[in-house]
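Notes follow the structure.
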């Protein structure tokens, strides 16, 4: 699916990265722990998280993640959005909770990628 | 290829800036045309190390050397040092304070991750003097 479709499915608000909405994505991950994202994520293009700081953007940058979705209706601080713009990442917010947001995307065909050994 | 050298000072008092050096190296390697796999390995290994410099080392310095065969990263701090390196290398072992955990780090995955994403890694540490971590990512 495209990031535009992700946005529709989650009834999300786009905060930056409009130019990425046509990008195709196939896998996603959900975590509030950036250490685990760095340890276990492989080729996932979308990160769902409730963590709200600059290190979420930096983690996404290092992992080649295209889009960050903040769950539970959380609004990132302006400097977090600015850093995402600088790094050419898309940011969305959704009022869905983590479990529901992940479930909705999974149900629509997005998967979790490779199984961790 | 002529050797390239990059040097970064990592401030110890500003967690929001942790990752600037790693982001800069990632962009530089990408521009130099290295494979996405190499770029990502270097970026993740160095980012974890940079986070450690800020969390544990009170800041420090990073030197990155690139030659035709490998990328070598040396991260040095003058922090408290690591009393038991073997223990520190265990997944899940962490001495990070709670405020760091609330920022999404401190799960005890830093050093194991650095080892996982680099081809060679050595940790030298003297309690009370500081820690130097050297990581190598091979280009071929």
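Just so you know, all these numbers are worked out from the coordinates, no wet-lab data involved. None of these values were measured; they are calculated from a predicted model. No Cβ is skipped: glycine too gets one built from the backbone with ideal geometry, and neighbour counts run over all protein chains shown.
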Problem - Inter-probe distance in nm under a simple model that places probes 7 Å from Cα toward Cβ, at residue A:100 and residue A:27 - result: 2.8
Completion exercise
Note on chain A: contact order normalised by length, alpha-carbon pairs under 8 Å, 6 or more apart, percent, works out to 32
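What is the Cα convex hull volume of chain B when expressed per residue in Å³? Walk me through the numbers before you get to the answer.
Details: hull volume 13.7 nm³, N = 140.
Each residue corresponds to 98 Å³ of Cα convex hull volume.
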Fill in the blank from the handout: Rh_Kirkwood(the stretch B:1-71) over Cα pairs, Å, one decimal, evaluates to 12.4
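Compute the orientation-averaged projected area for the protein assembly as shown from the convex hull of its Cα atoms and round it to one decimal in nm². Please report the intermediate quantities before stating the final value.
Values: hull surface 53.4 nm².
For the protein assembly as shown, the mean projected area of the Cα convex hull comes to 13.4 nm².
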Handout entry: Computed FRET value (nearest 0.05) for residue B:124 with residue B:69, which takes r as the C-beta separation and R₀ as 22 Å
Key = 0.45
Completion exercise
Mean projected area, convex hull of alpha-carbon positions in the stretch A:3-107, reported to one decimal in nm², is 5.5
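What does the structure give for A:28-38 when I average, per residue, the other chain Cβ atoms found within 10 Å of the residue Cβ?
Values: counts 0, 0, 0, 1, 2, 6, 9, 14, 4, 3, 15.
What the average comes to for A:28-38 is 5.
Show that you can apply the helix-only estimate: for chain B, add -39,500 (n - 2.57) for every DSSP H stretch of four or more residues, divide by all residues, and state [θ] at 222 nm to the nearest 500. All intermediate terms of the calculation are to be shown ahead of the outcome.
Values: 5 runs with 49 residues, N = 140.
The per-residue figure over chain B is -10000 deg cm²/dmol.
Could you check how many percent of all C-alpha pairs in the stretch A:46-117 are farther apart than 16 Å? Walk me through the numbers on the way to the answer.
Details: 1232 of 2556 pairs.
Percent of Cα pairs beyond 16 Å in the stretch A:46-117: 48.
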Practice task
Enter the angle in degrees (range 0 to 90, nearest 10) between the Cα long axis of helix B:20-32 and the first principal axis of the Cα atoms of chain B, meaning the one along which they spread out most.
Solution key: 20
